[in-house]
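Below is one structure; the comments refer to it alone.
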Amino acid sequence: MQDTSLWFPYAQMKHLEVNYEVETGEGPYIQLTNGMRLLDATCSWWCMIHGYKHPDITEAIHDQADKLSHVMLGGLKNGPAVALAKKLVEITPNGLNHVFYSDSGSVGMEVAMKMAVQFWQNQGLHRKFKMASLMRAYHGDTTGCMSVCDPEEGMHSLFSGLLPKHHFAPAPTAVFDATAEEVAPDIAALRQVFEQHHEEIAGFLVEPLLQAAGGLNMYSPIYLQEARKLCDEFNILFIFDEVATGFGRTGKLFAAEYAAVTPDIMVLSKGLTGGYIGHAATIATDRVFDAFWDDDPSKAFMHGPTFMGNPLACAVALKSIEVFERDNYLEKIAVLNQLLKDELLSFQHDEVLTTRVLGATAVIEVKNASSLAGIQDFAAQRGVWLRSFGCYLYTMPPYIITPEQLRKITQVMKAWFDR
Ligand SMILES: *Cc1c(COP(=O)(O)O)cnc(C)c1O
């Protein structure tokens, strides 16, 4: 009988065999108890951007733990939380000036949605309490987040009795370097949703440029620019979920920079702490913040998770950003991007539909998900930790990976099809 005390995510426990146990990690490698050492092509669900056991970040954890591991943010401030808020205001797109912390990407998105609804409520617009979202979107696993994930691919059908109904526009189809003309139909479809429902839409949520868990759909910055105009025209807050795209994944510090667009609210998590401890930041513009600024206590923002502003997490995030800047990660990412393009964009195979690359993200999309059955063990036997989902075989490596190490990952991805 297998031990079932530990319940794994997204897996049928009856048929699940987890044979790999991680003991340590260093740089881009995870070290297993069975002696195997694997290059992590997934960055542990995309968050370990510095790789494992980074000496500076590990030291920051030790130093902060010696002073203060946790204290409530209710009525008390702490140094790392204050300093990180200042730093995030400095590095995020111009105009995002107010940081609200929480403990994970999903909760950060819940905070963004509540903030958008209360923003309108505080101004007497009581009908604006729905969201607009995109097909192929993924915004997290909590109930509110599930309700704005793709209603077909996501878990809507199973939980439809529980979930509130929101409005959906088609997933953007115009690719990253599309022309304005090619983006126009995507925008026309969005306009239609706004025209019909704007009176009840509080916010429009997007994963800018890269719909990640929805199949690594990469789309045009022009879409973001045009959607910004539509949000202004129809009085809808524009909310960027940069939980996956933030901190370099698309090749710039934030995906928003490609479009030179400032959202009304931006959410960061995953790369925020370099993955070392869970935390999230929901960052708002003055316009959003000012709607809560009042003598009336009931207009205060009504949220406050236990671990928000945790000093350990904030100290780690500060160090993570310092290392990112000090070690010129954007230059490293540009090198990785060129390598991924060279290695994968021209790759062809009968089972492969297409390949895409953006920043330090690459995907081979296959025609049938069954083509990828068994890839995990195949790759592990060749020293690489790869985990496909659906029709998508992807890599989002840590930025400290060397070109030689990354080439090993792309070679294993391709070797799978030629086995
Ligand atoms: C991972 C992810 C989330 C959810 O973050 P958790 O920390 O897993 O709750 C939300 N949005 C996007 C775009 C993500 O990739």
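The values are calculated or read from the model by the stated rules, or taken from the named source; none is laboratory data. Keep in mind that what you see is a predicted model, and the values were worked out from it rather than measured. Reconstructed Cβ throughout: ideal geometry from the backbone, glycine too, with neighbour counts over all protein chains shown.
Observations
- Residues being in contact with a helix residue (DSSP H, G or I) (Cβ under 7 Å, 6 or more places away or on another chain) and either under 22 Å from residue 119 (Cβ atoms) or not assigned by TED's automatic domain parsing to the domain that holds residue 123 (or both) - total across region 303-322: 3
- Residue within region 27-49 that is loosely packed, with under 10 Cβ neighbours inside 10 Å and closer than 20 Å to residue 412 by Cβ present: yes
- Subset of region 217-240 [within 17 Å of the chain's Cα centre (by Cα) and among the polar types (S, T, N, Q)]: 217
- Some residue of region 315-335 being crowded, with 20+ Cβ neighbours inside 10 Å, more than 25 Å from residue 245 (Cβ to Cβ), out of contact with any strand residue (DSSP E or B) (no Cβ under 9 Å at 6 or more places or on another chain) and not hydrophobic (A, V, I, L, M, F, W, C): no
- Test for residue 47: is it within 16 Å of the ligand (Cβ to nearest atom), in contact with a Gly (Cβ under 7 Å, 6 or more places away or on another chain) and in contact (Cβ under 8 Å) with a residue 12 or more places away in the chain: yes
- Out of 87, 53, sole residue that is surrounded by fewer than 20 Cβ atoms within 10 Å (Cβ to Cβ), within 16 Å of residue 274 (Cβ to Cβ) and in contact with a strand residue (DSSP E or B) (Cβ under 6 Å, 6 or more places away or on another chain): 53
- Meets criteria (within 15 Å of residue 274 (Cα to Cα) and out of contact with any Phe, Trp or Tyr (no Cβ under 7 Å at 6 or more places or on another chain)) for residue 334: no
- Listing of helices (runs of 4 or more DSSP H) fully contained in region 74-168 that carry 3 or more residues being within 16 Å of the ligand (Cβ to nearest atom): 105-121, 143-146
- Residue 183 vs. criteria away from the ligand (no atom under 12 Å from the Cβ), touching an Asp or Glu at 6+ places or on another chain (Cβ under 7 Å) and not in a loop (DSSP other than H, G, I, E, B): yes
- Close pairs from region 265-280: first closer than 17 Å to residue 61 by Cα, partner assigned to a loop (DSSP other than H, G, I, E, B) and more than 11 Å from the ligand (Cβ to nearest atom), Cβ under 6 Å, at least 6 apart: 271/49; 271/247; 274/49; 274/50; 275/48
- Filter result (of a type outside the set (Gly, Ala, Ser), touching a residue at least 60 places away in the same chain (Cβ under 8 Å) and within 16 Å of the ligand (Cβ to nearest atom)) within region 231-251: 239, 241, 243, 247, 249, 250
- Just so you know, in region 1-32 the residues that are assigned by TED's automatic domain parsing to the domain that holds residue 407 and of a type in the set (Asp, Glu) include one that is farthest from residue 383 (Cα to Cα), and it is 17.
- The residue that is nearest to the ligand (Cβ to nearest atom), counting only those in region 21-44 that are free of Cβ contacts under 8 Å to residues at least 24 places away in the same chain and acidic (Asp, Glu), is 21.
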